[in-house]
Amino acid sequence: MQITSPAFKQNARIALKDASLQKALGNLKAGFPVKRAQAVARLPEFDALRDEARDLKNHILENLDIYLEQFENKVVQQGGQVHWCRSSDDACKTILDICKQVDAKTVTKGKSMVSEEINLNDYLEKNGVTPVETDLGEYILQLRGDHPSHIIAPAIHLNLEDVSEAFHQHHHRPKSDDPAVLMREAREVLREQFVAADVGITGANFLVAETGSTLIVTNEGNGDLTQTLPKTHIVVTSIEKVVPTLEDMTLFLRLLARSATGQEFTVYNTLSSGPRRESDQDGPENFHVVLIDNGRSDMLGGELQDMLRCIRCSACMNHCPVYGAVGGHSYGWVYPGPMGSVLTPQMVGIDKAALLPNASTFCGKCESVCPVRIPLPKLMRHWREREFEQHLSPRAVRYGIGGWAFFAKRPRLYRLLSQASNLALRLLGGKKGLIHRLPLGAGWTDGRDMPAPSGKTFMQQWQAKQQAQQKQQQSPQEQQS
Amino acid sequence: MPNAERSPQVALFVTCLVDMFRPEIGFASISLLQQAGCSVEVPERQTCCGQPAFNSGDRASTQDIARQTIEAFDGYEYVVGPSGSCIGMLHHYPELFEATDPWHARAQDLKARAFEISSFLVDVLQFRGIQSEFDGQISYHDSCAGLRELGIKTQPRALLSQVVGLQLSEMDESETCCGFGGTFCVKYPDISNRMVENKTANTAASGAGTLVGGDLGCLLNMAGKLKRQGHEIQTRHLVEILAGTCDLAAIGESEARKPTRATASPYDLAKQL
Ligand code: SF4
């Protein structure tokens with residue numbers, strides 16, 4: 001996937017004018033946040049569970065090596081294989097190798113953001129293996145040559161008409177505006193693919209160390225068919241997803257469903273523990289887990305470690321007013337919204353992604369809904385500091401802040417500066433007290449007026465008052481006469 | 001709870017926007033604090049809390065400004081300001097210094113003494129003596145830093161409920177950011193503009209004639225948009241309503257006019273009877 005994060009501002013401008021995108025974003029805003037709030041209200045201990053989950057994740061991250069090894073041992077005991085991959089390239093190659101070993105022509109895929117992160121579909125296609133997305137949203141995107149704009153609702157930027165059009169073009173059937181009809185149509189087409197596939201690739205929401213299991217949650221059940229029908233099942237996942245026990249996993253599942261969609265529980269929660277055993281009725285013959293690092297271990301022990309707690313619930317973007325205005329594609333890479341504004345600079349470089357952690361008012365809504373209490377604004381500020389240190393911030397910002405800070409450290413000079421600015425703004429405001437066009441301040445006045453100062457600065461007026469009072473006290477007679 | 005024998009000694013943190021754009025808020029704050037029995041001083045060495053530098057990633061300048069602010073407010077029992085955002089910034093100071101740095105302890109000390117004005121009046125002083133009248137409907141915007149960093153939600157409403165004649169008409173999404181965000185509003189003007197449009201639409205839909213909030217940055221942004229869109233809705237800081245200084249011109253207006261009321265209220269009817 002091409003990185004367009006450096007063009008965030010242009011992307012955003014176009015997105016703001018895109019009527020059909022805005023309509024779709026309106027649906028998002030009216031949906032997930034409302035349902036989450038209702039689900040949270042039904043669970044009084046929700047906040048206590050968040051604390052528990054945060055602490056547990058912190059414990060896991062402190063002991064990540066131990067749990068990952070435990071997980072690997074269990075997987076191997078059960079007849080599966082674990083492949084450790086440092087980079088996207090490593091991971092893509094590993095997956096292709098497995099596909100080649102079984103002579104795979106087509107693979108079915110359950111929804112996986114990690115596979116988007118490593119750009120797996122492109123890689124497979126270039127190497128003669130055809131990936132077929134089976135999550136309805138991902139399937140629609142694949143037909144359209146599009147990418148997810150949201151981590152759990154990948155096609156949230158589309159409306160029903162877009163889906164109908166895509167199906168009509170690719171399935172050559174009459175158009176329909178009935179979601180049920182479209183759904184049935186997708187099922188019919190996908191069923192053949194499920195049966196024909198040589199390999200099934202899924203992601204994982206959690207890896208359970210004590211049992212060597214991987215878990216995926218879906219609302220469509222497509223993941224189950226993807227992982228049970230083909231002879232080979234590959235789980236593409238990343239190292240921070242491990243949890244110690246099944247019990248621990250359930251804690252996260254309770255938080256995940258409620259934070260994401262406001263469901264009490266996701267519809268399908270499917271555990272895979274190695275290849276099919278003799279007593280099993282179905283299941284794959286080969287079971288592989290591709291464990292991806294891709295910059296994550298660099299975050300351990302540093303200020304960004306908190307970000308590794310993320311369980312990819314999407315609550316932060318669902319509640320973000322910036323995401324809600326511009327949509328996920330504007331962010332220009334796989335992970336959008338607040339969590340993406342922290343992760344993208346880590347994964348593609350701050351030089352390319354600096355606009356993302358800056359595209360926040362620090363309103364704090366994301367942090368207030370995050371089920372594992374990730375301090376997202378603080379982490380975005382971390383990136384702003386790296387940007388500033390590395391002299392990547394725009395010159396106007398650097399000099400502006402530097403010049404202003406010079407005065408802020410010197411109270412007397414600061415007084416003079418604010419008096420001068422106050423006077424200038426008052427002159428600009430004229431009789432109406434409102435500035436319609438501010439020289440050098442078009443960013444403000446293109447869209448709104450600027451109220452002019454209502455009088456001299458507070459400090460000027462306060463000092464004048466104090467002096468008048470003092471005079472009065474010193475010479476009461478004079479004043480009286 | 002402060003000692004009832006002695007009046008609490010308060011240093012007013014004016015904040016740079018109030019100093020520059022709307023001194024009325026500073027004076028109304030002093031008046032309220034005095035009504036609540038405080039003795040108020042305005043330390044001369046105060047400038048800005050340093051938030052623009054902090055949020056632009058300039059940590060060195062932020063530390064310098066923090067040290068200067070800590071010194072400016074040294075020795076005062078309380079530091080109170082009419083802004084959740086700027087007081088919230090003072091609460092960030094400890095994280096600017098290593099735990100072993102003496103400035104860390106001084107920052108902690110300032111944090112413990114620093115309060116946003118509505119929370120100071122309600123949570124610290126348990127003040128219930130607001131003496132103000134306001135004839136009309138207002139809607140309250142919960143500014144982000146105050147709401148989510150300092151937990152300010154019920155305090156302004158508790159104070160507003162003591163204002164005679166005032167009716168609170170809550171808007172949808174009162175807790176959603178107005179798009180100001182300090183330098184955000186000029187760095188990302190298109191997005192900021194969309195956010196403030198949502199806010200003015202929600203304000204207008206509430207039917208209130210006056211939009212009230214506790215942070216001047218947000219108020220300048222929202223007032224500027226309301227004016228550009230030609231709305232009649234007035235914009236005011238919380239303390240102006242509480243101190244009863246609404247005979248002065250509203251934000252972005254040059255002449256005082258009566259508060260506007262979009263709809264006739266039951267209160268009007270009661271008065272006519
Ligand atoms: S950062 Fe928090 S809210 Fe956002 S996706 Fe991750 S867990 Fe969910």
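Please treat every number below as a calculation from the coordinates, not as lab data. Just so you know, these numbers come straight off a predicted model, no measurement behind them. Note that each Cβ is placed from the backbone with ideal geometry, even for glycine, and that neighbours are counted across all protein chains shown.
When Rg is the radius of gyration of the Cα atoms in chain A and Rh is its Kirkwood radius, what does Rg/Rh come to?
My calculation of the ratio gives 1.10.
Please check: in the Gaussian network model of chain B (C-alpha springs, under 10 Å), which one of B:Tyr76, B:Tyr93, B:Tyr188 has the largest mean-square fluctuation.
With Cα springs under 10 Å in chain B, the top fluctuation among B:Tyr76, B:Tyr93, B:Tyr188 is at B:Tyr188.
Hey, what's the per residue convex hull volume over the C-alpha atoms of region A:260-310, in cubic angstrom? Before the final figure, lay out each step's value.
Values: hull volume 7.5 nm³, N = 51.
Spread over its residues, the Cα hull of region A:260-310 gives 148 Å³ apiece.
Over all residues in B:134-145, what is the mean tally of Cβ atoms on other chains that come within 10 Å of each residue's Cβ? Don't skip to the end; give the middle numbers.
Working: counts 0, 0, 0, 0, 0, 0, 0, 0, 0, 1, 8, 4.
So the per-residue partner count for this stretch is 1.
Cβ under 11 Å from A:Gly110's Cβ, A:Gly110 left aside: what net charge do those residues give with Lys, Arg +1 and Asp, Glu -1?
Net charge in that neighbourhood comes out at -3.
Could I have the simple spin-label model distance between A:Asp351 and A:Ala420, label points 7 Å from Cα toward Cβ, reported in nm to one decimal?
3.8
I'd like to compare A:82-93, A:13-24: which one has the highest average count of other Cβ atoms within 10 Å, and what's the full order after that?
Details: A:82-93: 17.9, A:13-24: 15.3.
Per-residue mean Cβ counts within 10 Å order the peptides as A:82-93, A:13-24.
Between B:Asn221, A:Cys313, A:Ser393, whose Cα lies farthest towards the positive end of the dipole of the protein assembly as shown when Lys and Arg beta carbons carry +1 and Asp and Glu beta carbons carry -1, centred on the Cα centre?
Farthest along the dipole direction, towards plus: B:Asn221.
Could you tell me the relative contact order of region A:410-464? Use alpha-carbon pairs under 8 Å, at least six residues apart, and round to a whole percent.
Working: 48 pairs, mean separation 19.8, N = 55.
Dividing the mean separation by the residue count of region A:410-464 yields 36 percent.
Over the whole of A:356-368, what's the average partner chain Cβ count within 10 Å per residue? Rounded to a whole number, please.
6
By DSSP, what percent of the beta bridges with both residues in the protein assembly as shown are antiparallel, rounded to the nearest 5?
Details: 10 of 56 bridges.
Approximately 20 percent, going by the DSSP bridge assignments.
Could you derive backbone 3J(HN,Hα) for region B:35-44 from the dihedral phi with the Karplus parameters 6.51, -1.76 and 1.60 (θ = phi - 60°), listing whole Hz in sequence and x where the residue is Gly or Pro?
Per residue, the Karplus-derived 3J(HN,Hα) values read 4, 7, x, 8, 9, 10, 10, 10, x, 6 Hz.
Averaged over peptide B:5-14, how many Cβ atoms belonging to another chain are found within 10 Å of each residue's Cβ?
The shielding value for this peptide is 1.
If each residue of separation counts as 0.36 nm, what is the full-extension length gain between A:Glu264 and A:Arg312 once their alpha-carbon separation is subtracted?
Once the chain is fully extended between A:Glu264 and A:Arg312, it gains 15.6 nm.
List the relative contact order of chain B as a percent without decimals, with contacts defined as Cα pairs under 8 Å and 6+ residues apart.
Values: 491 pairs, mean separation 48.0, N = 273.
Averaging sequence separation for qualifying contacts and normalising by length gives 18 percent for chain B.
Could you give the spread of the C-alpha atoms of region A:31-162 along their three principal axes, from largest to smallest, in whole angstroms?
Rounded to whole Å, the extents work out to 52, 49, 24 Å.
Would you please report the Å³ per residue occupied by the convex hull of the alpha carbon atoms in region B:1-50?
Taking only Cα atoms, region B:1-50 has a hull volume of 82 Å³ per residue.
Quick one: what Rg and Dmax do you get for chain B from the alpha carbons, in Å?
18.7, 68
Set the Förster distance to 41 Å, then compute FRET efficiency between A:His170 and A:His59 from the Cβ-Cβ distance, nearest 0.05. Let's see the in-between values first.
Working: r = 47 Å, r/R0 = 1.16.
It comes out at approximately 0.30.
Once you have the alpha carbon radius of gyration of region A:432-471, what is it after dividing by 2.2 N^0.38 Å, with N set to its residue count? If you can, show how the numbers build up before the last one.
Working: Rg = 15.6 Å, N = 40, 2.2 N^0.38 = 8.9 Å.
Cα-based Rg divided by the globular estimate yields 1.74.
How are the alpha carbon pair distances in region B:132-243 distributed across 10 Å bins from zero to the largest one, expressed in percent?
Going out from 0 Å in 10 Å bins, region B:132-243 shows 15, 50, 30, 5, 0 percent.
If you stretched the chain out fully between A:Val195 and A:Arg395, how much longer would it get, using 0.36 nm times the residue separation minus the C-alpha to C-alpha distance?
Using 0.36 nm per residue and subtracting the Cα-Cα distance, I get 66.2 nm.
At 7 Å along Cα-to-Cβ for each site, give me the label-to-label distance between B:Glu77 and A:Arg386 in nm.
4.7
May I ask which of A:Lys35/A:Lys175; A:Lys9/B:Lys225; B:Lys199/B:Lys227; A:Lys105/A:Lys175 have a Cα-Cα span longer than 24 Å here?
Going by Cα-Cα distance, A:Lys35/A:Lys175; A:Lys105/A:Lys175 fall outside the 24 Å limit.
So, R0 is 30 Å and r is the distance between the beta-carbons of A:Arg86 and B:Asp101; what FRET efficiency does that work out to, to 0.05?
It comes out at approximately 0.20.
Which three extents, in angstrom, do the Cα atoms of region A:377-481 have along their principal axes, listed largest first?
67, 32, 23
Which residues in region A:415-454 have a backbone N closer than 11 Å to a point placed 7 Å from the Cα of B:Glu44 along the Cα-to-Cβ line?
none
Report the FRET efficiency, 1/(1 + (r/R0)^6), for B:Gln126 and B:Leu248, where r is their Cβ-Cβ distance and R0 is 35 Å, rounded to 0.05.
0.75
Starting at the first residue of region B:76-90, write each ³J(HN,Hα) from the Karplus equation 6.51 cos²θ - 1.76 cosθ + 1.60 with θ = phi - 60°, in whole Hz, x for Gly and Pro.
Using θ = phi - 60°, the values come out as 7, 5, 10, 10, 10, x, x, 6, x, 5, 6, 5, x, 5, 4 Hz.
Remind me, relative contact order of region A:188-302 in percent, using alpha carbon pairs under 8 angstrom and six or more residues apart?
Here the relative contact order equals 32 percent.
Measure out, as a whole number of angstrom, how far apart the alpha-carbon centroids of region A:280-295 and region A:330-379 sit.
30
Which order do the peptides A:307-313, B:143-149 come out in when sorted by mean C-beta neighbours inside 10 angstrom, highest first?
Details: A:307-313: 21.3, B:143-149: 25.3.
The packing order, highest mean first, is B:143-149, A:307-313.
Quick one: length gained pulling A:Lys231 to A:Ala19 fully straight, 0.36 nm per residue minus the C-alpha distance?
Gain on stretching A:Lys231 to A:Ala19: 71.8 nm.
What number, in nm² with one decimal, is the all-direction average of the projected area of the convex hull of the alpha-carbon atoms of region A:410-464?
Numbers: hull surface 17.4 nm².
Dividing the Cα hull surface by four gives the mean projection, 4.3 nm².
In whole Å, what are the extents of region A:73-299 along the principal axes defined by its C-alpha atoms, from largest to smallest?
Result, largest extent first: 52, 42, 41 Å.
Only four residue types carry charge here, +1 at the Cβ of Lys and Arg and -1 at the Cβ of Asp and Glu. Report the dipole size of region B:132-243 about the Cα centre in Debye, rounded to the nearest 20.
For this selection, approximately 300 debye.
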